[in-house]
Structures are given as C-alpha cells and as structure tokens.
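The values are calculated or read from the model by the stated rules, or taken from the named source; none is laboratory data. For clarity, every value in this text was computed on a predicted model and none was experimentally measured. Every residue, glycine among them, receives a Cβ derived from its backbone with ideal geometry; neighbour counts consider all protein chains shown.
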Amino acid sequence: MFDILANWVVFDGLGLDPESHAGAAVHFFVMDTVKIFVMLVVIIYIMGLLRAMLSPEKVRDYVRGKPRWMARSTAVGLGAVTPFCSCSSVPLFIGFVEAGIPLGVTFSFLIASPMINEVAVVILIGILGWELTLMYVAAGLTVAYVGGVIMEHFRPERWVEEYVWKIQMGKAELPKPDTSLAGRHHYAWGEVKEIVGRLWKWVVAGIAIGALFHGYVPEGWVTEHLGGKDNWLAVPGAVLLGVPLYSNATGVIPVAEAMLGKGVAIGTTLAFMMSIAALSLPEMIILRKVIKWPALALYAGVLAISFTLVGWGFNLVS
C-alpha cells in the first residue's frame, strides 16, 4: 500500500524517472515518511492505552528494593518498554539515583531506554524484517545488562555530583491517574502528540539522510569502504560517526534501511544504530550535570567498546 502510494506521488504525480537518482531518493523519502508516521501514531496510541497506569514514579518503585540481579533485569526490561530518547531518560536516571537505587542498575536502564522500545521494534520489523529486529533487540538488552555490571564494578557512586545526593525525594502526593476509558484515551492521545511532536524532526531528518544515501551514494563506494565484513575499521568508524548524530532508535531506522540496501554489513549497521540512539553528544552534555567526568568517560567508553564488539561479532557470524 505504501509503495503504491509512493509510486503514484513520485512517478505519476511528480513525473520523476524511477531509474534516476532523484526518483529513487524521493520515492524512498515519500514511502518511508508515510509508513513510519502511520506506524508511529498507531503504535504509540495503542501502547499509550496500555501504559496509562505506568508513570515514571512507578517505574522507579518497581526497581527499588529488589535483589541486584532482579533489579537490573527489571531496569533493562522497563527501559525497553518506555519510549524515552537518550536525553529524556536522564531526568528519570536522576530520580533513580535520588531514590537510592544502585548506580549500576540505573545505568542499565539508561542504556536500554533510548536504544530499545516497542515503537522502534514494530517499525524495525515492518521495514527491516524480524531477523534483524531480533538481533538488534538481543544485542541491546545484552549491552544494557552487561554495561551496567561493568559500570557497577568501578563504583561510580563516588563520581555522582554532590547536589544529587542532597535532593529530597517523594514528599509530594501525586495525583491518581484517571483509569476510565475516556481517561485512557486522553492519556494515549496525549502520548501521541507529545512523542510524535518530540520525534518528528529527527524522524524526517533520518528519512532524508536515508533517502540521499539510497539515491545518490554509489554501491561500489559503499562496498569498498563500509560493506565488507572483513573491514574491521568500518565498525568503530560507524560508532564514532553516530556520536554527534543525535536521534533515537526510530529516527535512525531509515538510515539503517538505506545502509543495508547499499550493502553495508549488518554488524556495522547495528553498531551505527546503537551509537546514535544511546551514545549521543546531547545526552553526554546533559548527563555531565549529574555525574563527573570520570564516570562520563567510563560510561562512553563502555558503550563504545560494547557497540564495536557487537558490530564485529555480527559481521563475523552473518
């Protein structure tokens, strides 16, 4: 359906040649824009109906007081089903720290939350297929769990800014959520407006980059510089390239789609996606207000190495 609509708009309406660079790029842009935004609205609304009772405070309370392994698993799981980008995850990260939840567990949530969520997963399945989606989710969950364990080993609590420990938590009485059908609809539609309003520019930017890559970058150049599984430098290069490109798991999907279509290796593509979603420069700037430079450098180093290993591993087995 989306392909037919894009054909009608681009080739019949605009009169572009399907074999031209412009035709391929504009067709990619139109089809992915319609497809992703329709899926975004539908999925966010449905999940909003189900998540009407899941507040950030409840997320924090689910984790607090559990055994360490269970708390970490819970934090990773909750991170995977909460639609936060890397920057909006940081305030909840602060709430975790203030509530006395171990910092290693908190870092597991911070890694998982922007990298994996049900919206991105459904869109990934619709665009890239369930095999790549399963690989991405499994790698993301593993990195979040193991990354938190590694962070905890270095006792990062000593690098938390002093003011964070001094903030008093939980004194105010929170209003009870409206669990009626109308209340859930209002909450779900509010989620659609808030999340789509926050994401749309990054999604459009990602689609535009993917369209340019799909239409104009020669396959021979991609194969020579990025495509080979034996190109060991391509994976760390993709991780470094993703750091300044702030987006989220949803916004980077069209770029990954175009990269795979041009022959970029699966591991290199996964490492690039993870780096953009969880290791962005804006997140580092915000996170610096909570933790000191040693912890920030450790966090960035653990993720960069983890993403590189994931990329190399998938390139070897694919």
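Worth pointing out:
- Condition met for Ala238 (crowded, with 21+ Cβ neighbours inside 10 Å and in contact with a His (Cβ under 8 Å, 6 or more places away or on another chain)): no
- Qualifying residue in region 82-91 (condition: more than 28 Å from Ala256 (Cα to Cα), among the β-branched types (Val, Ile, Thr) and at pLDDT below 70): no
- Count of region 122-136 residues which are free of Cβ contacts under 8 Å to residues at least 24 places away in the same chain and closer than 19 Å to Ile44 by Cβ: 2
- Candidate set: region 20-52, residues that are modelled with pLDDT under 80 and not in a helix (DSSP H, G or I); chosen: the one surrounded by the fewest Cβ atoms within 10 Å (Cβ to Cβ): Arg51
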